[in-house]
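Note sheet for the following structure.
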Amino acid sequence: MLNGIHHVAYRCKDAKETVAFYRDILDMEFQIAFAEDHVPSTGAYDPYMHVFLDAGNGNVLAFFELPEQPGMGRDPHTPEWVQHIAFKVDSLDVLHAAKLRAEAHGVSVVGPTDHGIFCSIYFFDPNGHRVELAVDTGTAAQLQELRRVAPLMLDEWSRTKKAPQHAAWLHEKARAVPPVAPTPRAKE
């Protein structure tokens with residue numbers, strides 16, 4: 001039924017500043033813009049500028065500037081690290097180069113952080129949205145084990161609201177090979 005994500009949209013404080021940030025720091029191409037005084041889906045009067053940026057591989061990141069709405073805020077009950085936009089990069093070299101590029105533009109960057117199956121850097125855009133750049137580093141065996149334990153972890157979490165330990169190996173020793181059942185020894 002679904003055929004991917006058409007676009008993901010967020011609010012921005014200033015459309016031009018937002019386009020410049022994503023173009024200059026992440027090399028995203030500014031594709032198109034829509035501007036209306038009335039919302040097409042509701043008919044409500046609410047002037048807006050809607051900008052679309054190419055995030056690669058057919059993925060589009062969009063932003064709305066809403067000058068007649070109250071100033072932007074964020075959910076005060078959700079930590080700022082939770083809601084974020086994560087982009088995939090091709091290699092650790094690209095990740096490190098992106099960090100240097102962001103820092104050269106005066107952006108404060110956290111990381112790289114090794115998550116066992118991927119490494120990430122984190123920073124904020126001019127609107128306060130947290131951005132993550134990630135490179136996959138996991139092995140096929142690690143990913144297979146994570147898929148195997150995912151339903152078990154979700155069930156346990158649902159019952160206890162405590163962190164299940166099925167994949168503790170992931171952060172205990174970055175890039176560790178997941179535990180495997182021992183193979184029987186041949187008789188000598």
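The values are calculated or read from the model by the stated rules, or taken from the named source; none is laboratory data. These figures come from a predicted structure and were not determined experimentally. Every residue, glycine as well, gets a Cβ built from its backbone with ideal geometry; the counts of neighbours run over all protein chains shown.
Picking from Ala134, Ala97, which residue would you name as being under 20 Å from Leu26 (Cβ atoms) and surrounded by fewer than 17 Cβ atoms within 10 Å (Cβ to Cβ)? Explain how you work it out, then say what you get.
On the way: Ala134 fails: surrounded by fewer than 17 Cβ atoms within 10 Å (Cβ to Cβ).
Being under 20 Å from Leu26 (Cβ atoms) and surrounded by fewer than 17 Cβ atoms within 10 Å (Cβ to Cβ) holds for just one of Ala134, Ala97, which is Ala97.
Out of (1) in the same structural domain as Tyr22 (by TED's automatic domain parsing); (2) of a type outside the set (Lys, Arg); (3) in contact with a Phe, Trp or Tyr (Cβ under 9 Å, 6 or more places away or on another chain); (4) more than 24 Å from Ile5 (Cα to Cα), the odd one out for Gly116 is which?
Gly116 satisfies every listed condition except (1).
For the stretch 24-62, give me the residue count where each residue is part of a helix (DSSP H, G or I) and either touching an Asp or Glu at 6+ places or on another chain (Cβ under 7 Å) or buried (at least 16 other Cβ atoms within 10 Å of the Cβ) (or both). If you could, list the steps in order and put the result at the bottom.
First, the residues of the stretch 24-62 that are part of a helix (DSSP H, G or I): 24-26.
Going one step further and asking which of them are either touching an Asp or Glu at 6+ places or on another chain (Cβ under 7 Å) or buried (at least 16 other Cβ atoms within 10 Å of the Cβ) (or both), we end up with 25-26.
Qualifying residue count, the stretch 24-62: 2.
Considering only the stretch 108-123, I want to know if a residue exists there that is free of Cβ contacts under 8 Å to residues at least 40 places away in the same chain, surrounded by fewer than 14 Cβ atoms within 10 Å (Cβ to Cβ) and not acidic (Asp, Glu).
There is at least one residue in the stretch 108-123 that is free of Cβ contacts under 8 Å to residues at least 40 places away in the same chain, surrounded by fewer than 14 Cβ atoms within 10 Å (Cβ to Cβ) and not acidic (Asp, Glu).
Test each condition in (1) basic (Lys, Arg); (2) in contact (Cβ under 8 Å) with a residue 24 or more places away in the chain; (3) exposed (fewer than 15 other Cβ atoms within 10 Å of the Cβ) for Lys16 and report the one that comes out false.
Failing condition for Lys16: (2).
Which residue, of Val60, Val89, Val131, is under 14 Å from the mean Cα position of the chain (by Cα) and in the same structural domain as Ile5 (by TED's automatic domain parsing)? First the steps, then the outcome.
Values: Val89 fails: in the same structural domain as Ile5 (by TED's automatic domain parsing); Val131 fails: in the same structural domain as Ile5 (by TED's automatic domain parsing).
Of Val60, Val89, Val131, the one residue that is under 14 Å from the mean Cα position of the chain (by Cα) and in the same structural domain as Ile5 (by TED's automatic domain parsing) is Val60.
Select from the stretch 72-86 the residues that are under 23 Å from Tyr48 (Cα atoms) and modelled with pLDDT under 95 and write down the one among them that is surrounded by the most Cβ atoms within 10 Å (Cβ to Cβ).
Result: Met72.
Output the residue which, of all residues in the stretch 1-13 that are under 20 Å from Gln83 (Cα atoms) and part of a loop (DSSP other than H, G, I, E, B), is modelled with the lowest pLDDT.
Looking at residues that are under 20 Å from Gln83 (Cα atoms) and part of a loop (DSSP other than H, G, I, E, B), I get Ile5.
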